[in-house]
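Derivation of every value follows stated rules applied to the coordinates shown; laboratory data play no part. From a predicted model like this one, the values you see are computed outputs, not experimental measurements.
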Amino acid sequence: MSTNMGDKQEPIPNISQLNDQPFEIVSPMTGIVVRLQDIKDETFAGEHMGKGIASAPRMDVSYSQ
């Protein structure tokens with residue numbers, strides 16, 4: 001799997017390869033990062049889908065093409 005940001009493609013590291021190293025997540029939307037434990041959905045909050053983060057967009061509407 002890789003990211004596709006224009007002509008530049010970089011492999012997405014496995015979370016276990018990060019070893020608590022800081023990294024940057026790029027998004028085309030503004031918003032805030034939310035801990036999974038703070039999500040009201042128990043499937044995600046309980047990390048049944050795996051470890052991760054959630055985001056709360058600041059925009060009321062988002063569009064997809």
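Quick notes on this structure:
- Our estimate of slack between T43 and N19, defined as 0.36 nm per intervening residue step minus the Cα-Cα distance, is 6.2 nm.
- Multiplying the residue separation of T30 and S55 by 0.36 nm and subtracting their alpha-carbon distance yields 8.1 nm.
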